[in-house]
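Have a look at the structure below, then the notes.
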Amino acid sequence: MLYSHQITLSDNDTTANILDTLCTPTEGNKRMLYFHIMNEIVKCADGAFAELLSEYCIKYINENADYVLEYFSKHHDISNGYH
């Protein structure tokens, strides 16, 4: 439902549960999907939700550092756009 934009994220317990799930270490296609969804969430976050989200971004990177670093090392065009 989140992937198809049927859920609106905000500063609540449901959103926290979703973000906790996305931040868990995974492998393969599930890992790619979670990373994609996290990036889509970051792109549209604003206000109080954006402040909450920053904690989850750190958590995601801590749990998936190898994947994040590998991804950005292969996609310089994306990582360079975040200066």
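Key figures
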quantity	calculated
Among 65, 48, 16: highest mean-square fluctuation, GNM of the chain, C-alpha pairs under 10 Å	48
The chain: equivalent-ellipsoid semi-axes (sqrt of 5 x gyration tensor eigenvalues, Cα, Å)	21, 15, 12
Extension reserve of the residue 7-residue 29 stretch, reckoned as 0.36 nm per residue once the Cα distance is removed	5.8 nm
Helix runs (DSSP H) in the chain reaching 24 Å along axis by Cα, Kyte-Doolittle at least -0.5	28-44, 47-63
Loop-resident sites, segment 11-83, for GluC sites (Glu not before Pro), counting at most 12 other Cβ within 10 Å (DSSP)	27
Normalised contact order of the chain, rounded percent, pairs of Cα under 8 Å and 6 or more residues apart	30
Probe 1.4 Å, accessible area per residue of the chain, Å²	69
Accessible surface of the chain [probe 1.4 Å, protein heavy atoms]: carbon and sulfur percent	55
Computed magnitude of the charge dipole of the chain (debye, nearest 20; Cβ of K, R +1, Cβ of D, E -1)	260
Candidates 44, 57, 23: whichever shows maximal mean-square fluctuation once the chain is modelled as a Gaussian network with Cα springs under 10 Å	44
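The values are calculated or read from the model by the stated rules, or taken from the named source; none is laboratory data. As the structure is a prediction and not an experimental result, all values here were calculated from the model. Positions of Cβ are generated from backbone atoms using ideal geometry, with glycine treated the same way; all protein chains shown enter the neighbour counts. Each accessible area value is taken on the protein alone, full model and side chains, heavy atoms only, with ligands, DNA and RNA left out. Shrake-Rupley method; radii C 1.70, N 1.55, O 1.52, S 1.80 Å.
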